[in-house]
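Here's the structure, in structure tokens; my notes come after.
The values are calculated or read from the model by the stated rules, or taken from the named source; none is laboratory data. Not measured: the values here are computed from a predicted model. Don't worry about glycine lacking a Cβ; one is built from the backbone with ideal geometry, like all the others, and counts go over all protein chains shown. The protein model used for the area step is the full one, side chains on, heavy atoms only, and it has no ligands, DNA or RNA in it. Shrake-Rupley method; radii C 1.70, N 1.55, O 1.52, S 1.80 Å.
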Amino acid sequence: MDNYLGILTGGGDCPGLNAVIRAVVRRAQDDRLPVLGVYSGWQGLIDGNVAPLTKHSVAGIQYRGGTILGTSRVNPLVDGETLKKIQDNWRRFGLSRLIVVGGNGTLSCAMRMWRDHGYPVVGVPKTIDNDIPGTDYTFGFDTAVSIATEAIDRLHTTAEALHRVMVVEVMGRHSGWIAAYAGIAGAADLILVPETPFRMSEICDMLTKRKQLGRPFSIVVVAEDAKPHPEEDFLTVEQRNRVFHENRLGGIGHLVAAQIEERAKLEARVSVLGYIQRGGAPTAYDRVLATRLGVYAVEMVLREEFGSMAAVHGTHMASVPLEEIADKYRPLDEEIYRTARTFFG
Ligand code: F6P
């Protein structure tokens with residue numbers, strides 16, 4: 001059949017993707033628009049790995065994590081040969097429009113596919129990191145924050161029992177959204193985020209003071225891309241290269257804990273939450289947000305608002321040009337970090 005609306009999920013997985021897929025299929029059905037699922041992100045368009053999605057095939061997926069379509073970090077714009085394969089498959093499978101659900105990388109590619117190659121795309125922002133400009137929230141973030149908060153609650157009781165410092169490393173890529181929200185919710189004593197370089201001297205003073213005041217345990221939440229202030233940099237070149245990869249971050253928590261033990265002479269332990277933060281069922285908030293974005297994205301397709309992304313502004317849905325958000329990321333809101341700081345120490 002011709003005139004398919006395609007949908008693909010690209011980049012890292014994120015709780016809520018299945019809710020978007022279900023919403024897109026159900027809303028498209030109302031306007032008799034057949035939907036074609038593209039497997040493994042852009043890779044599915046390159047390989048011609050697609051299958052029709054129906055009300056029946058998307059039933060019972062809303063509360064499941066991951067994505068029934070699979071995903072990948074494949075870039076469709078690598079070379080002319082790849083673009084030719086996409087063009088051939090686009091025609092072969094009768095695609096006429098495409099909904100692209102992804103994070104910064106996937107949506108930037110979607111913008112170029114629209115602007116430079118004329119593919120009629122509509123974007124849907126997703127990421128646990130909440131770092132996509134143009135939208136107040138991304139689905140997946142609330143789930144990640146809930147998981148991290150529960151972990152911090154659990155670490156609180158073990159830290160308190162053994163009078164230890166617990167360093168909790170959370171995801172977030174280059175932003176401190178997850179760290180700040182989970183840290184505030186979990187009543188962390190200190191939250192280190194990429195937007196504000198930290199000073200080990202201040203951290204050790206604070207933890208020592210807490211101990212002197214009769215609080216011998218502390219919770220320190222560290223975002224995976226938090227970095228020391230250049231004036232107090234303690235990282236070797238080897239450590240820096242290992243921990244701050246562009247696409248794979250992780251390890252700063254252990255280095256911070258080692259410094260706490262060495263300088264403040266406090267016993268410290270580390271928990272790296274890692275992929276647990278983006279696995280499993282989405283929260284109710286994320287299911288609703290993902291569903292609203294999916295429905296709205298189809299309505300944008302019907303209104304031919306191509307080259308744009310569905311977004312949430314306050315309590316309303318909105319349409320944002322992809323050019324405004326491509327290749328950019330949204331740092332943690334300063335006001336939120338100021339609020340978090342009120343509870344440090
Ligand atoms: O963007 C989501 C995210 O989970 C980040 O928080 C993290 O830095 C990154 O993806 C991990 O990527 P990968 O799945 O490629 O290891």
With all protein chains in place and a 1.4 Å probe, residue 63 shows an accessible area in Å² (nearest 10) of 120
Sorting 189, 327 on solvent-accessible surface, 1.4 Å probe, most exposed first, gives 327, 189
For 114, 177, the accessible-area ranking with a 1.4 Å probe, largest leading, is 114, 177
Summing -39500 (n - 2.57) over every DSSP H run of at least 4 in the chain, dividing by its residue total and rounding to the nearest 500, the 222 nm mean residue ellipticity is -12000 deg cm²/dmol
For the stretch 1-118, the accessible surface attributable to carbon and sulfur atoms (probe 1.4 angstrom, ligands and nucleic acids excluded) amounts in percent to 45
Longest principal axis of the chain (C-alpha) makes with the long axis of helix 284-302 (C-alpha) an angle, in degrees to the nearest 10, of 30
In degrees rounded to 10, the 0-90 angle between helix 200-212 Cα long axis and the longest Cα principal axis of the chain is 60
Of the residues 223, 191, 312, the Cα lying farthest along the dipole of the chain towards its positive end, which is defined by charges on the beta carbon of Lys, Arg, Asp and Glu, belongs to 312
In nanometres, the difference between 0.36 nm per residue of separation and the alpha-carbon distance of residue 153 and residue 341 is 65.8 nm
Sorted by accessible surface (1.4 Å probe, heavy atoms of the protein chains only), largest first, 71, 236, 82 come out as 236, 71, 82
In a Gaussian network model of the chain with springs linking alpha carbons closer than 10 Å, the residue among 38, 270, 100 that fluctuates most is 270
The FRET efficiency for residue 329 and residue 237, from their Cβ-Cβ distance with R0 = 22 Å and rounded to 0.05, is 0.30
Checked against the positive end of the charge dipole of the stretch 48-106 (+1 on Cβ of Lys and Arg, -1 on Cβ of Asp and Glu, about the Cα centre), the farthest of 62, 80, 48 is 62
Partner aspartates and glutamates whose C-alpha sits under 18 Å from that of residue 55, ignoring same-chain residues fewer than 8 away, are 30, 31, 299
Answer in debye to the nearest 20: the dipole magnitude of the chain about its Cα centre, from +1 Lys/Arg and -1 Asp/Glu charges placed on Cβ, is 780
Checking the stretch 195-237 for chymotrypsin sites (Phe, Trp or Tyr not before Pro) in a loop per DSSP with at most 13 other beta-carbon atoms within 10 Å yields 234
Given unit charges at Cβ for Lys, Arg (+) and Asp, Glu (-), the dipole magnitude of the stretch 167-317 about its Cα centre in debye, nearest 20, is 440
Protection proxy (average C-beta count within 10 Å per residue), highest first, orders 224-230, 6-12 as 6-12, 224-230
For the stretch 1-118, the dipole about the Cα centre with charges only on Cβ (Lys and Arg +1, Asp and Glu -1), to the nearest 20 debye, works out at 260
To the nearest Å², the heavy-atom accessible area per residue of the chain with 1.4 Å probe amounts to 43
Taking every DSSP bridge whose two residues both lie in the chain, the antiparallel percent to the nearest 5 is 25
For the chain, the longest principal axis of the Cα atoms and the Cα long axis of helix 80-92 enclose an angle in degrees, to the nearest 10, of 50
Simple SL model, points at 7 angstrom along Cα→Cβ for residue 258 and residue 56; separation in nm is 5.8
The whole-number value in µm²/s of the Stokes-Einstein translational diffusion coefficient for the stretch 302-345, with Rh from the Kirkwood sum over alpha carbon pairs at 20 °C and 1.002 mPa s, is 162
